[in-house]
Each structure stands twice: as structure tokens, then as C-alpha cells.
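Report on one structure; see the data block that follows.
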Amino acid sequence: MTSSNPSPAPAFLPTPSGSYVVPESLPTGGIEFSLVLPTFKEAQNIQPALRAVCDTLSQVEGLRYEVIVVDDNSPDGTADLALSLSAEMPAIRVIRRTQESGLATAVIRGWQAARGEILAVMDADLQHPPEVLGQLVQAIRNGADLAIGSRHVEEGGVSDWSILRRIVSRTAQMIGLVLLPDVVGRVSDPMSGYFLLKRRTIAGKPLNPTGYKILIEVLGRGTIRSIDEVGYVFRERQEGSSKISTRIYLQYLQHLLRLRFDLLAQSPFVRFCVVGATGYLVDMLLLYWLSDPRSLGFGLTRSKIASAEAAIVNNFLWNDAWTFAPLVGAARSLRSKFRRFLKFNAICTLGLALSVVLLNIQFNWFGLNRYLANTVAIVITMLWNYTFNKRLGWRTTS
Ligand code: GDD
Ligand code: MN
């Protein structure tokens, strides 16, 4: 990996899990804006693209910028061409990756070395018109966390794409909408490869994209509150060729599925339900042991109270260490843990009262099987427990 910059780019490699982390900030040298141009075999485009980009950026009022080319060791000498231009235009930096490849990870690699508070990406093949950069910077300066060049808002479009390519593009977007409605549905052009964002929206968060769709990764894992979109027309390629392939489409699907799974696994409600399932086992086994006529045969209410209390202890330990870990933060002392346990217990005891009432109504009035009745009681009680524990039990400790 080489860099034209005197201060060498820190060697930010992917973590063992394969994800990349953009640091909170690097020494800025007064830089406000860092634009990454990912390249693979763009020898004919890179110099005109860099000139056009620097031209536009130097016209944006008061903007101190850098342009970072991240090249995956293109055999046509793209990196050297960029490097030779950097003698004339010191805002240009070049990173050459030799061990890794792929558009989305190249972009993150560039952001890892970036010094600006505003991070950006655009293609290096002149298909993204640089003239829109000014408006995009303005959108961020006006307060947007994310400013996207969009083909699907007013003033946007795709020049002369074939019907087939339009259908493929829209289908990809539809699949994304079905799998990740809260992510893909937030913007009109989630497939865009042309956007700006504030560093803090993604700093410190592990990013793990594959293929082309870096924007979806940012929307899925970043903390993005406000979004602005600026229309642009996707130009025809004049030189070189697109690197899109069937493999890239498959990577897109893989990316969507990974993101879907990760976001579910991180959701506190899903975690609460998983913990609840272990509590359910504890509760059921104990209830059987204590109350079943073939076992100890104690009264149902007494047995239920004991089995539920055991489940409460089980659930507290898992929820404190896992489900609500982000809310616990630094409050890890035994004392604060015990306080949380008391609160959890109080909320769950109310839940337990609810549960006992529900169980008895079903069992005694409607003659339902005790285990079915207990299941219904547990599900309803869990919704109660989640809502109030999240609001009162853990939220207040953070
Ligand atoms: N470093 C690196 N590594 N760069 C790559 C790689 C790679 O493996 N593959 C492609 N690039 C670079 C290209 O050199 C170009 O600068 C840019 O990424 C876009 O690649 P194209 O192959 O030209 O993509 P496209 O034109 O079909 O689609 C682009 O524009 C769409 C509309 O914004 C991409 O950005 C899409 O993601 C986007 O939807
Ligand atoms: Mn292109």
C-alpha cells in the first residue's frame, strides 16, 4: 500500500471479522472535505476526472479539500497516472491496494485515511457529473448528515440506458426494499454511488460491505438522521468499461442478507425475545417439576411463582450482559447491577402478577391446557416486560 502523502496513511486493515472501522478523526491539516475516487482500470479517465473534480471543488467557497484515489493495483497504470498528477495538484492522494479488491471496501479504505469531517465518494469514470458536488457540499453545510446524488428525483435521470438495464436496476432496488425496508426505503436512489456524509455518522462503527453498494451499508449501520438528495443525470461512459458483472449482483444479494441478519441480531427486541426463550425453558421445566401431578404436585399458583422467579433471574443476567449492554455503558459496578436487578424484578413481578391472573383465567374459566395457557401468559407478559424494562429498567441507568 503506498500513499503520495508525506504523512503515511495508517495501515487500517479489516478486523479479523472482515469489517472496517473509520476512525473518529485524523489530524486534519485544515481539511474539511475528503472525496474518495475508487478506481479499477480507469487509465483513460482518471486524469480528466481528477482535473474536473479539483476544478469544481476549488470553486466551492472556503472549501479545503483532498481527493483520495483508491486503486486496486490496476494493470493499466491508473495509480501511477493519478500519482503523477498529484505533483501538480497537491490535494490528490493515492492509495494502492494490493491485497484486497472490491469497490465498496476501496471506498471505506479511502475514508479510513481521510482527514476531513465530510467524507464523500464518486466514480472516477466521469459518469457522475462533478458539477453537482457544489450543491452536495451545500446540502451538508446546511445540516444534512447525508447528501446523495440521485437519479430518481427531479433533475435526475440515466441518459440512454436500455430498458433491460433499467429493469435490472429497479428490480435490485425492489429486492432491497423487501428485505430492508427501513434502510433501502429511506432514499429515492439507494443504489447511488455518488454521495457525501458526515464522518461522525459512521466513525467507530464496524462496516462490512461486499460488492458495490456502499450506500446501503452506510444507511444500515450509520447513525443518519437527516438526508438530502440532489438530482443528477448518470452520464454514458466515454472510455473504459463498467466492472459490473453477475458476480456483483450476487454480492449485492449476499450484502443485503448479511445486513438483514446483523440488524436483526442487534435489535434489542430480538435479543430480548431470545433471552425470553431461555427463560421460557427455565419456567416450563420448573413448572413441570413443581406442579405436575406426576412430579411434586404442588399447587399451580405457588409453583408458577417459583418457576417465574427463576426465569426472572436467568433473564436479568442475560439481558444485562447482552440485550441492553449498550445502555449499561460504564455502569458496570456490582452495586448498579444490583439496582438494575431490583428494578427488573419489580417490573417483572408486576408482569408475573399479570401472568398468574392470565394463567388462572385461561385454566380455571376456559379449561385450557395448563402449558398452552402458560405459553399465552408468557408471551403477553414478555411484551409488558420489554416495554417497561427498556424504558425504566435500563434507559435510566445510561
Ligand atoms: N478500487 C476499486 N476496486 N474500484 C472499483 C472496483 C474495484 O474492485 N470496481 C469498480 N471500481 C470503480 C470504477 O473504476 C469506477 O470508478 C467506479 O468504481 C464505478 O464502477 P463502474 O464499474 O463504472 O460502475 P457502474 O458505472 O456500472 O455503476 C456505478 O454507478 C452507479 C450509479 O451511481 C456504481 O457506482 C454503482 O454502485 C452505482 O449504482
Ligand atoms: Mn461507471
For residue 122, indicate whether it is within 16 Å of ligand 2 (Cβ to nearest atom), among the hydrophobic types (A, V, I, L, M, F, W, C) and in contact (Cβ under 8 Å) with a residue 12 or more places away in the chain.
yes
If you check residue 276 against the conditions, is it buried (at least 21 other Cβ atoms within 10 Å of the Cβ) and either part of a helix (DSSP H, G or I) or at pLDDT below 95 (or both)?
yes
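Any idea which of 120, 144 is in contact with an Asp or Glu (Cβ under 6 Å, 6 or more places away or on another chain) and at pLDDT 95 or above?
Details: 120 fails: in contact with an Asp or Glu (Cβ under 6 Å, 6 or more places away or on another chain).
Only one candidate passes the filter, namely 144.
Take residue 325 and decide whether it is surrounded by 14 or more Cβ atoms within 10 Å (Cβ to Cβ) and either under 30 Å from residue 217 (Cβ atoms) or aliphatic (A, V, I, L, M) (or both).
Values: surrounded by 14 or more Cβ atoms within 10 Å (Cβ to Cβ): yes; either under 30 Å from residue 217 (Cβ atoms) or aliphatic (A, V, I, L, M) (or both): yes.
Yes; evaluated as a whole, the condition is true for this residue.
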Candidates 164, 136 - the one that is within 16 Å of ligand 1 (Cβ to nearest atom), more than 25 Å from residue 261 (Cβ to Cβ) and without any contact (Cβ under 8 Å) to a residue 40 or more places away in the chain
164
Which one of these does residue 278 not meet: (1) closer than 30 Å to residue 173 by Cα; (2) touching a Phe, Trp or Tyr at 6+ places or on another chain (Cβ under 7 Å)?
(1)
Return the residue satisfying two criteria in turn: it lies in the stretch 128-156 and is within 24 Å of the chain's Cα centre (by Cα) and in a helix (DSSP H, G or I), and of such residues it is farthest from ligand 2 (Cβ to nearest atom).
141
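Within the stretch 190-206, is even one residue outside any helix (DSSP H, G or I), small (Gly, Ala, Ser) and surrounded by fewer than 18 Cβ atoms within 10 Å (Cβ to Cβ)? Walk me through how you get there before you give the answer.
At the first step, the residues of the stretch 190-206 found to be outside any helix (DSSP H, G or I) are 190-198, 202-206.
Still in the running and small (Gly, Ala, Ser): 192-193, 203-204.
Now narrow it down to the ones that are surrounded by fewer than 18 Cβ atoms within 10 Å (Cβ to Cβ): 203-204.
Within the stretch 190-206, one or more residues are outside any helix (DSSP H, G or I), small (Gly, Ala, Ser) and surrounded by fewer than 18 Cβ atoms within 10 Å (Cβ to Cβ).
Do we find a residue being within 16 Å of ligand 2 (Cβ to nearest atom), touching a His at 6+ places or on another chain (Cβ under 6 Å) and in contact (Cβ under 8 Å) with a residue 24 or more places away in the chain anywhere in the stretch 216-236? Full working, then the answer.
Narrowing the stretch 216-236 to residues within 16 Å of ligand 2 (Cβ to nearest atom): 232-236.
From what is left, the residues that are touching a His at 6+ places or on another chain (Cβ under 6 Å) are none.
Checking the stretch 216-236: not a single residue is within 16 Å of ligand 2 (Cβ to nearest atom), touching a His at 6+ places or on another chain (Cβ under 6 Å) and in contact (Cβ under 8 Å) with a residue 24 or more places away in the chain.
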The correct count of residues that are under 25 Å from residue 314 (Cβ atoms) and without any contact (Cβ under 8 Å) to a residue 60 or more places away in the chain in the stretch 237-278 is 10
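Quickly run through the stretch 211-229 and pick out the residues that are part of a strand (DSSP E or B) and either within 13 Å of ligand 1 (Cβ to nearest atom) or not assigned by TED's automatic domain parsing to the domain that holds residue 132 (or both).
Of the stretch 211-229, the ones part of a strand (DSSP E or B) are 227-229.
Within the stretch 211-229, 229 is the sole residue that qualifies.
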For the list (1) at pLDDT 95 or above; (2) within 13 Å of ligand 1 (Cβ to nearest atom), I need the number of the one condition that residue 243 fails.
(1)
Please enumerate the residues belonging to the stretch 353-374 that are without any contact (Cβ under 8 Å) to a residue 12 or more places away in the chain and β-branched (Val, Ile, Thr).
357, 361
Those residues of the stretch 230-251 that are part of a loop (DSSP other than H, G, I, E, B) and aliphatic (A, V, I, L, M) come to a total of 1
Considering every residue within the stretch 301-322, establish whether at least one is crowded, with 18+ Cβ neighbours inside 10 Å and of a type in the set (Lys, Arg).
yes
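The values are calculated or read from the model by the stated rules, or taken from the named source; none is laboratory data. Please read these numbers as outputs of a predicted model, since none were measured by experiment. Because the Cβ atoms are built from the backbone with ideal geometry, glycine has one as well, and the counts that use them run over all protein chains shown.
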